[in-house]
1. Give me the distance in nm between label points sitting 7 Å out from Cα along the Cα-to-Cβ direction at GLU172 and LYS152, one decimal.
2. How far is the Cα center of region 237-284 from the Cα center of region 1-64, in Å?
3. Which value in nm describes the separation of the simple spin-label points at ALA251 and LYS16, placed 7 Å from the Cα toward the beta carbon?
4. For region 4-86, compute Rg over Rh where Rg is the Cα radius of gyration and Rh is the Kirkwood radius from the inverse mean 1/r over Cα pairs.
5. Would you mind listing how long region 101-293 runs along its three principal axes, going by Cα atoms, in whole Å with the largest first?
6. Say a paramagnetic label sat at a point 7 Å from the Cα of GLU204, along Cα to Cβ; which residues of region 222-258 have their backbone N under 17 Å from it?
7. Rule-of-thumb check for region 84-173: C-alpha Rg over 2.2 N^0.38 Å?
8. Using Cα pairs closer than 8 Å and at least 6 residues apart in sequence, work out the relative contact order for region 152-240, in percent.
Amino acid sequence: MVLEKLSDSLKNTLQKIAKSLFVDEKLINELVKDLQRALLQADVNVKLVFELTEKIKQRALNEEAPKGLTKKEQIINIVYDELVNFLGKEQHKIEIHQKPFKIMLVGLFGSGKTTSAGKLAKFYTKRGFKVALVGLDVHRPAAMEQIEQVGKGANVMVFSDKKIKDAVEIWEKYEKEANDFDVLIIDTSGRDALSKDLVLEIEEVNRKIQPNENILVISADIGQAAQKQAEQFHKSCGITGVIVSKMDGTARGGGALTACAVSGAPIKFIGIGEKIDDLEQFNPQGFVGRILGMGDLEALLEKAKEVIKVEEAEDLGKRFLKGEFNLIDLYEQMEAMSKMGPLSQLVEMIPGFGQLKLPKEMLQTQEGKLKKWKIAMNSFTKKELEDPEIVDSSRIERISKGSGIQTSEIRELLKQYRQSKKMVRMFKGSKGDMSKFMKKFGGRLPMGG
Ligand code: GDP
Ligand code: MG
């Protein structure tokens, strides 16, 4: 997963809180030290780390636990809360509100503009928009071939002309035709640094095209240096948001994300791989939920909508939110998951699965396990699927004989179901509000299942 190391350290830190016998100042100091260590390792700026942990410490020491929450739960809640604030608090979704909606990508060489352009084209195509790419990189020799390639991958129209050496000219040539599309993704040229001629070029293109979104693409591997870059681009080109690319390949992504958040440029997407589907809308609440192993239902449903019918996904979502959840849902969830992509990207979104803390090698075994669980479920009666609580030892024996799956595996399936159900219950009505979420938990912590 993205920021795996940071996630592991944070989960361990919270586990420590969850397992401690009582909360005192010593424990809180230890928590602060652990958090600092984890965040500094992810290249988060030292000053920011100290500000954040000081806030957490003061709140943990001075705030009363809200009614219904134990002190331990309150502390975990505070950590979640402050990390969400740290990453920009609210989600800044791009709303496609006019036609054509123009999204322009700017940034330095190799930051991932062209790749992200293709990912965005696919993203909006999947959501039913008619999308085209506009290739305005007149700087790099092979840029036009690359964008053609990317366009093929996303299965969209590409407007570009390698004979024209002026970005505005290319735009003028295709403007009329391009205006027929719902969404235009405009790729521009980069430089090694934000040079004067790059600023001039972007300004000119900006004035001519008047994009609805002017998005800076930043590579996560520059860590906290992202702050300066985002601020510079913001000052000279008026960016409206950021895509942080290459979150998959670096431990420094935490630095890049927090740096963008303090620069005031909202993060709209993150790139999580080289492939065309490796793009995610950025949502601080869901992101932190996942990093802490609490799941991210919204992202899961978003993904589900891409592969199963919208109504089905919404129905599943509604049942989730109502806290109705049985083995059939778990089965359907697993079915949908097999269509949605690699398990490694999905487990962390499912409440209760994120804490499994599965090492990469184990995910493979996990895929095998899901297959076995599905076979076992075929030997459940309808009643058992609807109400798995009635499945006692003798029923487990019967199911085992019928399906050829060992009783231990069936017990594990039931345990996983209970874990998922517990997490789903917490989400009931909470809509991501962690304090309500914690209350629903009824005194039990979401860690250490
Ligand atoms: P540009 O110069 O800004 O247009 O950058 P490109 O789109 O050409 O990307 C530069 C390199 O980064 C390419 O090799 C891409 O495959 C790679 N890249 C872009 N985004 C990601 C990402 O999210 N993850 C990974 N691992 N690689 C990426
Ligand atoms: Mg490029």
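1. 3.2
2. 23
3. The answer from the label model is 1.7 nm.
4. 0.94
5. Projected onto the principal axes, the Cα atoms of region 101-293 cover 49, 38, 27 Å.
6. 237
7. Rg over 2.2 N^0.38 Å, computed on Cα atoms: 1.20.
8. Reported relative contact order: 25 percent.
The values are calculated or read from the model by the stated rules, or taken from the named source; none is laboratory data. As the structure is a prediction and not an experimental result, all values here were calculated from the model. No Cβ is skipped: glycine too gets one built from the backbone with ideal geometry, and neighbour counts run over all protein chains shown. Just so you know, the surface numbers come from the protein's heavy atoms only, side chains and all, with ligands and any DNA or RNA stripped out. Shrake-Rupley method; radii C 1.70, N 1.55, O 1.52, S 1.80 Å.
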